[in-house]
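A.B. asks: Please read through the structure below; I'll follow up with questions.
The values are calculated or read from the model by the stated rules, or taken from the named source; none is laboratory data. Since the structure is predicted, the reported quantities are computational estimates derived from the model, not experimental observations. For neighbour counting, all protein chains shown are included, and Cβ atoms are generated from backbone atoms with ideal geometry for every residue, glycine included.
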Amino acid sequence: MLDILLSDSKAVKIASHPLATTNAGMTGRNASRFERQPFNDRNKMKTSVLFIVFLSALAFGGISKDELHPWKNQKKVLVLLLEWSDRPSSINVSEVEEAFFGESLSLKKFFHENSSGTYDISGEVMPWRSSSLKWEELSSCQLNTIVQEAWQVFSSDIEISSYDSDSNGKIDHLFILHSGRIRARSDMESPCVFMNFSKADHTAILQSQGAWIYGNHVPIGYYLHEAGHQYFNLPDLYGDHHHGHYGIGMWGIMGLGAWGVHNQIPTEDMFRYPSHFEPKSKEVMGWGHFQYIDSRVENVTLRPVETSGDIVVVKNLQGGENFYLEYRSAQGFSENHLGHGLLIWKGYKLVQADGRDDLNSGTDLGRNPTPPIDENFGDASDPFPGSGDVRYYHDQETGIILKNIRLEEGVVKLDVQFP
Ligand SMILES: [Zn+2]
């Protein structure tokens, strides 16, 4: 949503979206064969107005926040697989089912892990059905056409009440995955995922394989990142990544963590095994178990965030950004990060324990730094104590000291000291 709401004067920022831009090195093979429609200002306005109405409802409506929260409680999900006549599907229904509802690293599991059980999805994937339309003749971002076509092909066999947990006559979450694929275009793109459709509370349109020109699997990381913008207005945290500044790298999904958790993932895996949301994002979303600290405490304990949702917030009493502490352990979606231990965040900025700021000292490639690549998107000495065995952090600005940081019997412990 953030990307859509940006005014034209900020178009440069949209163009640098890692999820929406193309790798110059790949444009040859995937040369554009059809032109995208120009960004439609009227649609942009409409989307903005709808979003404002949504926000107002949150603020002033009689309905509780939780009822409007798209990612709380038990929700039902329906996934439709739509095949264009000129684009045979090449991903099995079982792989899509595994990506949405499977026991291991599925979207369901991601929500369970990230929300510490606050949000749970269940539902079904309806197998591929063919459209007589040709992807070649569609503008790729004609979401309305895609949704209408999917509904026409599937609706006679859909029992809406089976996917309507709040009994409002609409499917909770409708996903339409199609066999088309965006071809490279290096100009400005909108995320092109969400639309308002009368049959569902939330509708998302995705490629069945990858996002844009990247990845070959169901792009759950792309959905989650864009939904972070759309539903919670979360910011992009990947820095000026075309020029060697990676922001938070792969330590969070609003950064390069939408792609995966380490720099050597195969290109085809991009967007399939994303990183957790950042602790501050979880605070915005109302996920996790938060503990707030505003005075000296010893032996603060953090269980693995993947199983407990534990996040400690050390308040910045001078009014600046608070500190967010979490224990990223070698489990679930965090298993393949290059390091594990205590992550210290100042607001949305990651404090790198090694003090080297590798995340913002990369190579100026002048293009999307697509993995696998030797750039540093996060390493084993970013967490505390981590491979550098760093047990002490002193924030110069606030005088806050975090010390005796250690891993003990499956938890992180530390002492917090104020000036
Ligand atoms: Zn983004």
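A.B. asks: Here is a list: Ile265, Ile248. Which entry is surrounded by 20 or more Cβ atoms within 10 Å (Cβ to Cβ), part of a loop (DSSP other than H, G, I, E, B) and away from the ligand (no atom under 16 Å from the Cβ)?
C.D. replies: None of the others qualify; the one that does is Ile265.
A.B. asks: Only one residue in Ala211, Ala200 is more than 16 Å from the ligand (Cβ to nearest atom) and of a type outside the set (D, E, K, R), so which one is that?
C.D. replies: Ala200
A.B. asks: Could you give every pair whose Cβ atoms fall below 7 Å, whose first residue belongs to the range 83-102 and is within 19 Å of Leu133 (Cβ to Cβ), and whose second residue is surrounded by fewer than 17 Cβ atoms within 10 Å (Cβ to Cβ), counting only separations of at least 6 or pairs across chains?
C.D. replies: Within 7 Å, the pairs are Glu83/Arg129; Glu83/Ser130; Trp84/Lys134; Ser85/Ser130; Ser85/Ser132; Ser85/Lys134; Asp86/Lys134; Asp86/Glu136.
Let's see how each residue does on (1) of a type in the set (D, E, K, R); (2) at pLDDT below 95:
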position: Lys108; (1), (2): yes, no
position: Glu124; (1), (2): yes, no
position: Ser130; (1), (2): no, no
position: Asn144; (1), (2): no, yes
position: Phe175; (1), (2): no, no
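A.B. asks: Considering only residues that are of a type in the set (Asp, Glu) and in a helix (DSSP H, G or I), look in the range 71-106 and name the one that is farthest from Ser140 (Cα to Cα).
C.D. replies: Selected residue: Glu98.
A.B. asks: Among the residues in the range 223-231, are any among the hydroxyl-bearing types (Ser, Thr, Tyr) and in contact (Cβ under 8 Å) with a residue 60 or more places away in the chain?
C.D. replies: Within the range 223-231 (the criterion being among the hydroxyl-bearing types (Ser, Thr, Tyr) and in contact (Cβ under 8 Å) with a residue 60 or more places away in the chain), the answer is yes, since at least one residue qualifies.
A.B. asks: Quick one: in the range 214-241, which of the residues that are out of contact with any helix residue (DSSP H, G or I) (no Cβ under 8 Å at 6 or more places or on another chain) and more than 24 Å from Asp172 (Cα to Cα) is nearest to the ligand (Cβ to nearest atom)?
C.D. replies: In this case the residue turns out to be Leu237.
A.B. asks: Starting from residues that are touching a helix residue (DSSP H, G or I) at 6+ places or on another chain (Cβ under 8 Å) and not hydroxyl-bearing (Ser, Thr, Tyr), keep the ones in the range 324-342 and report whichever is nearest to Leu402 (Cα to Cα).
C.D. replies: Here the answer is Leu325.
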